[in-house]
Amino acid sequence: MVVIYFVIVAILIVWWITTHNSFIQKKNRIKESNSAISVMLKQRSSLIPNIVASISKYVDHESETLYRVTKARGSSMEGDNVTELNIPSIKLLSEQYPNLKADTQFIKLLDSLEEMELQIQASRRSYNAAVVAYNNYVQMFPSSIIAYTNGYKTEELIEITEEEAANVNVKSLFN
């Protein structure tokens with residue numbers, strides 16, 4: 001009879017330890033998921049303005065190039081002697097600036113925006129999954145006994161602030 005009592009006590013102790021450790025593991029998973037969201041949001045706030053600044057430089061460069069080429073072509077149409085002088089300058093400009101790149105940079109910006117939003121969305125889903133697993137553990141019997149005795153409380157699923165829910169106004173970044 002005493003042996004049975006010790007076996008039952010041993011089983012309860014092992015169960016208590018494993019359940020308590022599971023709470024710690026689930027709580028840490030929530031922290032990790034929350035941190036991943038913060039990292040993604042920080043990356044987004046750092047990356048997008050840098051890409052926009054880069055694109056702005058390309059746009060400025062290409063606008064100047066287009067202006068110079070247009071001006072050179074326009075002046076080549078005036079008079080016979082000017083034509084011979086301006087055609088080499090047009091050729092020189094086209095050799096100097098063979099590829100205009102702003103359009104590919106805009107595509108890169110759009111791809112980066114989409115990728116960043118998908119990563120943030122995935123991180124939020126991961127966080128919510130971790131919270132649901134933890135909350136289930138807090139609320140379900142028999143782990144709820146350990147939750148109650150150790151003060152574990154349910155966590156809230158992600159709630160997005162209106163500011164965060166608003167789309168990034170990329171147009172304003174170009175001003």
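Structure data summary
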{"read-out": "Gyration tensor verdict on segment 15-65 (Cα atoms; rounded if a/c is under 1.5, prolate if a/b is larger than b/c, oblate otherwise)", "value": "prolate"}
{"read-out": "Protection proxy ranking, peptides 123-131, 24-32, average beta carbon neighbours within 10 Å, highest first", "value": "123-131, 24-32"}
{"read-out": "Pairwise FRET efficiency - Glu32 versus Tyr148, Cβ, R0 = 30 Å, nearest 0.05", "value": "0.75"}
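Values quoted throughout were computed directly from the atomic coordinates according to the rules given, and no laboratory measurement underlies them. Nothing here was measured: the structure is a model prediction, and the numbers come from that model. All Cβ positions, even for glycine, are placed from backbone atoms using ideal geometry, and neighbour counts span all protein chains on display.
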